[in-house]
1. Would you tell me the mean number of C-beta atoms belonging to other protein chains that fall within 10 Å of each C-beta in A:54-64, as a whole number?
2. Taking Cα centroids, how far is segment A:163-213 from segment B:22-66 in Å?
3. How far, in whole Å, is the closest Cβ of chain A from the axis that maps A onto B, and which residue does it belong to?
4. In the Gaussian network model of chain B, springs joining C-alpha atoms below 10 Å, which of B:T93, B:T251, B:T260 carries the largest mean-square fluctuation?
5. So, taking all protein chains as they sit and a 1.4 Å probe, how much accessible area belongs to B:F88, in Å² rounded to tens?
6. Sort shortest first the distances from A:S215 to its counterpart in every other copy, using label points 7 Å along the Cα-to-beta-carbon line, and give them in nm.
7. Determine the percent antiparallel among the DSSP beta bridges restricted to the protein assembly as shown, to the nearest 5.
8. For A:S243, place a label point 7 Å from Cα along the Cα-to-Cβ direction in every copy; what are the distances to the other copies, in nm, shortest first?
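The values are calculated or read from the model by the stated rules, or taken from the named source; none is laboratory data. Since the structure is predicted, the reported quantities are computational estimates derived from the model, not experimental observations. Note that we place each Cβ from the backbone using ideal geometry, even for glycine, and neighbour counts take in every protein chain shown. Protein only, heavy atoms only, side chains kept; ligands, DNA and RNA dropped before computing areas. Shrake-Rupley method; radii C 1.70, N 1.55, O 1.52, S 1.80 Å.
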Number of protein chains: 2
Amino acid sequence: MHTHTIFVISDGTGITAETFGTAIMAQFESKPRIIRVPFVDSMDKVHQAVRQINHVAEVEKRKPIIFTTLVSQEMLEFLEANCKGKLFDMFGTFVRPLEVELGQKSLHRVGRFADISESKEYLERMEAINYTLAHDDGQTNTDLTGADVILVGVSRSGKTPTSLYLAMQFGLKVANYPLIPEDFDRKQLPPALVPFRAKLFGLTIDPNRLSAIRSERRPDSKYASLQNCRYEVAEAEAMMRRSGIEWLSSTTKSIEEIATTILQEVLPQHLGH
Amino acid sequence: MHTHTIFVISDGTGITAETFGTAIMAQFESKPRIIRVPFVDSMDKVHQAVRQINHVAEVEKRKPIIFTTLVSQEMLEFLEANCKGKLFDMFGTFVRPLEVELGQKSLHRVGRFADISESKEYLERMEAINYTLAHDDGQTNTDLTGADVILVGVSRSGKTPTSLYLAMQFGLKVANYPLIPEDFDRKQLPPALVPFRAKLFGLTIDPNRLSAIRSERRPDSKYASLQNCRYEVAEAEAMMRRSGIEWLSSTTKSIEEIATTILQEVLPQHLGH
């Protein structure tokens, strides 16, 4: 049962505000319910949002918390004056002191994504997603020259979600290759990857966790057995060590943490833009 | 050439703070350069960050702007006292008034993602990504009962990136199917989709833009010709209208906007959690 209701009121998608609000609320013991109200871009929609907030305030007999990124001063003032919630203005709180610091007035720009789909950055991101999908799980060896990074690791060590995240969030072209028993028998990297050693990054994983993940898919298989997982992980780590490939363990890391560590190690220029 | 340097200093990945800071800076004409400094979780790393900031301040002869989400009071105070930048404390600014509002002290929790990979939500998200990859581009008709939403639309209308985003961001299982000339000849939806009409959502796109996108891949092909794109889009829209499928145009929308609109129309319960 939730202890509070949090509303995220945005004239855009509100996704960034919700993620940020969730991170802030993680600093409290409370188990809040979060309701995102996107595309609040007319007075009519502000009225609707106020009704929704006030209904919850009445039912729960406590003030909801409102995180808002509304840019329109008129909408913001109406929301503040009429809603029975505690308002936190995520944008204005920083925009006003930044106006002083930068010596500029802010643009009061609503719906900043309106022309994003035309932008060069957007098209590059689409291209990165297509590249990454085509090069998932060792499907092809073509155009590895075009890859920004090539991930290697045993099956189910987290290569695919990490690759997709790097493509979607950072517009990077990522190929990924499984290290398989044949590679361990040969004690060598897949031959196609050898010319690209500088772009290789390894993922490893605790064998117990790997066995649990693989068992979800193929229970009671040799593939999922702890003994086999221990063997594959040990062989993969030995191969990465021999080949001088940097690697990290995905065991207790989120995708965002894995992706950020890869940027730090292999592509530090992508931490700035 | 950038007019300002913005530093994002975080004890975690700093990805959320960077996205939020970028949205705030979009309210100004300035073209800032953004440098993310992740995993600042020791006094030693704070010292390094201060040196990096002060170096930029000296070279650029103007104060960098610092967005920080550091949780440690000691690190925050050191940063504030020693860096030659203008500091914006993104967390503390909201956490302190929330302590009053909630009647609770905050937890001062650093690295909140530490156990995320063990959580049920995380495993569900992995499962959603796997499902969505397996059901990309009409690859299979199996287990459509398990889909949260099924996207349809002509080739290159934005189905794949939208599907992956819904899976990664919201943990939804998404299948997507291309509408192809054979479907238009039969004037009927792909038969496998008919039982799942309530889960279908359509994407359409301006024929001029579709032709431009397809031309990048296959220049001077019939597939990419404006005439063919006009025909396919008109047929796809007519089919969706006949079948009572809700749809939107992806032409000027970001992936985040498309995804949020789909949630509003098909899965409104996923706007709250």
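1. Numbers: counts 0, 0, 0, 0, 0, 0, 0, 0, 1, 1, 0.
Going residue by residue through A:54-64 and averaging, the value is 0.
2. 33 Å
3. A:F20, 2
4. The residue that fluctuates most here is B:T93.
5. 10 Å²
6. For A:S215, the inter-copy label distances come out at 5.7 nm.
7. Numbers: 2 of 50 bridges.
If we restrict to bridges inside the protein assembly as shown, about 5 percent are antiparallel.
8. For A:S243, the other copies' label points sit at 4.4 nm, shortest first.
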